[in-house]
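Inspection log for the structure reproduced underneath, given as C-alpha cells.
FYI, it's all coordinate maths here, none of it is from the lab. What you are looking at is a predicted structure, and each value in this text was computed from that prediction instead of being measured. Positions of Cβ are generated from backbone atoms using ideal geometry, with glycine treated the same way; all protein chains shown enter the neighbour counts.
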Amino acid sequence: MSAIPAKKAYSKLDLLKLMVLSREGDRREGILLRQSKGWFQVSGMGHEALGAVSLTLRPDDYIFPYYRDRSIVLARGVSNYDLALAYFAKKSSSSQGRQMPGHYSSREKNIFSVCTPTGGSLLPACGTAWAMKLAGTDSVCVATVGDAASRQGEFFEAVAFAVQENLPVVFIVEDNKYGISTPTAKFLPFNLGILSEDAVVKIDARNADTVFDETSAAVEKARAGHGPTLIWADLDRLSSHTSSDDHRVYRPMEEIEAMTARDPLTLLANELIASGELTEQAWKQLQEDTAKQVDADYLEAEKEPDPLPDDKLSNCFGPEPTAETPPLKSDQRTTMVSAINGTFKQALESDPKIVFFGEDIEDPKGGVFGMTKGLSDAFPKQVFNSPLAEATIMGVAVGMAAYGYRPVFELQFIDFIAPGWNQITTNMSTLRWRTGGEWTCPLVIYAPYGAYLPGGSLWHSHSNEAALAHAPGIRVAIPSTPEDAAGLFWTAMQSQDPTFILVPKHIFRKQSDIKAVPPVPFGKAKIVRAGSDVTLVAWGNCIELAEEAAAKSDASIEIIDLRSIVPCDYETITKSLEKTGRLVVVHEDNRTCGFGQAVIAEISSKPESFNLFLSPPQLVTRDDVHIGFNPVYEYAALPDVEQVLAAISTVME
C-alpha cells in the first residue's frame, strides 16, 4: 500500500509568518489600487488565523474556499507570487486573467475554484465528499462560506445532504458580522435558533490555537467516518468589504477601533513575545522582511504578459467527444425509454465511477417514466434516490465530476430546473473556462421535456432548451428516435463537458423500428427526409409535426433533425438551403429568444447563406404563453400541423 500523505506540522511561529504574508499581500494590493494599478481587490484582513485550517489537512484532502481565505490558500502551498499574478489578472494566473483577485484555484493542491456567489461551492463540496466516500478513501473536504450566505437555501441543502449521507466534510462559516454593509446578526440561523447548539461548534477564530484544535477534531471525525461538522467561526472583517466599499460610512468608529484591538496578528505576536518565542525586534524584522518580499513579488508579477484577445474562447469547451456505436441492437422494434434504459445499464456495467442520482429513480419506481427501471436493484452502489432538491442534484454533480466520477443525474421534469439554476450558471457552465481547463466537470443531466401530452400544466409541459443554450460551456441535445437517444447518451458519457439531454415525453414511448444504430456525434444534424423545395428544421417532439406536414404538403420538403442544439449543425442547414432556398424552423419552446430565432438569425446574418434565401424564413413556435392544465389551453399554445403547412405556403409564395 502507498503511504498516507502527511499533513503539515503546526507551528505558531510559522503560522504567524504566514498570517503576516497574507496581511501584507492585502496591504500591497490596496496601495496598488490607489496607484491605479489594478481594477479590484477583496481583502482577507481579520481572517488570517484561519490559515491554521490548512495545517489540519493532508494533500489528498480538498478545500472549497471563498474569497477571504487568502491565508488558507497560502498555508496550503499557493505562493504569494501566484496571488500577485491573480491580482494583475495575468495570463499565467490560476484563472488566466478571467476571475477577480481572491478567486483562488489550484487543481494540483486540491483547492476548488472560487465562485463569486459566496455559498456556491458548498454543494459541490458535498459532491466531492460523497465521491470520496464511494471511493472508500478517508479523504476529507473543508468548505468555507461567509456568514451572510448562511441564509441561502444552498447552505441548508448542503448541511442536510452532508448529514443525510454522513459525508466527510467540514463546513466553516466565517462570521465577520457583515454582508457588505448590512449587519448580519439578526439574519443568522445560529442566532435565530434554527440551528441548535448541538449542531454547531462555535469558535473564536481570532485565536490560532482554537482554530487548529477545533478544525483538527472536526477533520479527524470526518476522516474516521463519523460525518460532518459545522464550525461557526467568530472573527472580524478588519477592512471594507472590497476596494469598491468604504466601511467607515456604515460602521461606527468605536466598533472599528474595538476590532482593531483584537487583530489576530497582534494577538498571536503578543502571545509569542510573552512566551519568549519571539522578540520585539524579531517581530519588527519579520514584518519588514515580508513587506520587501511581497513588494518584489508584485513588481515581478506586474511584468508578466496579459492574456490576448484571441484567448477569449479557449477552454469554453473541451475536445469534441468521440462518438461510438451505442449498445443498442438493430433490427428490433422498441421505444426511446427502453433504449435509454438499456444504454444506462451498459454504462453502469462498463464504468463503476458512473453514478445515477435523482428523484424516485430507485426501484421499484425506477423513475416516474421508468427510464431507470431495474437499475438500482442491479447496481445498488451506483444508483441513488435524491432528495426533492434540484440545487443539490446540480451542485453534487459538479463536485462529484470534479473529483473524477461520472454523474448521470436526473431532473424529474425540465420544468423543475429553476432551483438548480445557480449551480448550472455559476459552476457547471463556467468551471472549465474560469480555470483555463484546470478544473472540469464532465457530467450528464437528463430530464423529460416538452408537451403534447395533455394534463401536464405549467410544471410538466415546458421546453426551455434555449435557456440552457444561452449558458456558454454546456452541451445540449434533444433526441427524437430511440437510436439517437442511445447514441447521444453514449456520446455524452464520453464527453469532458457538462451535457444536458432533454427527452421528449410525447414520443418517448412511441414504438419505432430500429434498422441501424450508428454513432451519434454532437453537432451533427440528421436529414430525416430529402427534398428540394423547403428546408424544414425541427427537433424533439416537433419532428413528428414536420413529418406529418411534409406528407400533406404539395412541396418537396427536406426535414432536418438538429439532434443537438449546442453545438448546432449550421453547415447542414446551409447545404440544404443551397438546394431549397427556403427555410422553416419549428420548435415547441416559446417564440421570444427561442432557439429557432437563433437558427434564423445565424443563417440570415451571413452573406453566403443569406443570399440563398428565395423568401423570408419562417418560425413556427409556441406563443409567448405558459401551458395550461386544460388541453384546450395546451393545444392552443403549441405549434400544430396547420401552422407548419401555413409557414411552408408562405415561403413558397
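For this structure, a couple of remarks:
- Of every Cα-Cα pair in the stretch 142-196, the percent that sits beyond 19 Å: 27
- Against the rule of thumb 2.2 N^0.38 Å, how large the Cα Rg of the stretch 526-652 comes out: 1.00
- Phi angles across the stretch 249-256 convert, under the Karplus curve 6.51 cos²θ - 1.76 cosθ + 1.60 with θ = phi - 60°, into 3J(HN,Hα) values of 5, 10, 10, x, 4, 5, 5, 4 Hz, Gly and Pro given as x.
- Computed from the Cβ-Cβ distance with R0 of 56 Å, the FRET efficiency linking Asp213 to Cys593 stands at 0.55.
- For Ala143, the residues 5 or more places off, or on other chains, whose built amide H falls under 5 Å of its own are Phe64, Val170, Phe171, Ile172.
- Potential lengthening of the chain between Gln494 and Ser275 amounts to 72.9 nm, from the contour at 0.36 nm per residue minus the alpha-carbon distance.
- Per-residue ellipticity at 222 nm from helix content only, as computed over the chain with -39500 (n - 2.57) for each DSSP H run of at least four residues, stands at -11000 deg cm²/dmol.
- Rounded to whole Hz, the Karplus (6.51, -1.76, 1.60) HN-Hα couplings of the stretch 399-405, x for glycine and proline: x, 5, 5, 4, 7, x, 8
- Coordinate range along principal axes, alpha carbons of the stretch 404-473, Å, largest first: 46, 24, 17
- The simple spin-label model puts a point 7 Å past each Cα toward its Cβ; for Arg248 and Cys316 those points are separated by 4.5 nm.
- Placing a pseudo-label 7 Å from each Cα along the Cα-to-Cβ vector at Lys365 and Val632 gives an inter-label distance of 3.3 nm.
- Once the Cα-Cα distance is subtracted from the 0.36 nm per residue extended length, the Asp306 to Phe613 segment shows a gain of 106.2 nm.
- Taking amide H as placed 1.01 Å from N in the peptide plane, Val503 has its amide H under 5 Å from the amide H of Ala447, Tyr449, each at least 5 places away in sequence or on another chain.
- Note, ³J(HN,Hα) from phi for the stretch 581-594, Karplus 6.51, -1.76, 1.60, rounded to Hz, x at Gly and Pro: x, 9, 10, 10, 10, 10, 8, 9, 5, 6, 5, 5, 6, x
- For Lys575 and Ser350, a Förster radius of 56 Å and the Cβ-Cβ distance give a FRET efficiency of 0.95, rounded to the nearest 0.05.
- Relative contact order, percent, the stretch 14-300 [alpha-carbon distance under 8 Å, six or more residues apart]: 21
- Every pair of different Cα atoms in the stretch 42-147 enters the Kirkwood calculation, which places the hydrodynamic radius at 13.9 Å.
- Summarising the amide proton neighbourhood of Ser564: residues at separation of 5 or more, or on other chains, whose placed amide H is nearer than 5 Å comprise Ile478, Gly523, Lys524.
- Here the mean projected area of the convex hull built on the C-alpha positions of the stretch 332-514 is 9.8 nm².
- Treating each Cα of the chain as one equal point scatterer and applying the Debye formula with no solvent, the log10 of I(q)/I(0) at q = 0.06, 0.07 Å⁻¹ comes out as -0.39, -0.52.
- Ranked by the mean number of other Cβ atoms within 10 Å per residue, highest first, peptides 259-265, 534-540, 83-89 order as 534-540, 83-89, 259-265.
- Compactness of the stretch 14-300 is given as radius of gyration and Dmax, 18.3, 53 Å, from Cα positions.
- Shape call, the stretch 539-580: gyration tensor on alpha carbons, a/c limit 1.5: oblate
- From most to least packed by mean Cβ count within 10 Å, the peptides 473-479, 132-138, 605-611 give 473-479, 132-138, 605-611.
- Counting only lysines at least 8 places from Lys186 when in the same chain, those with an alpha carbon closer than 27 Å to its own are Lys177, Lys202.
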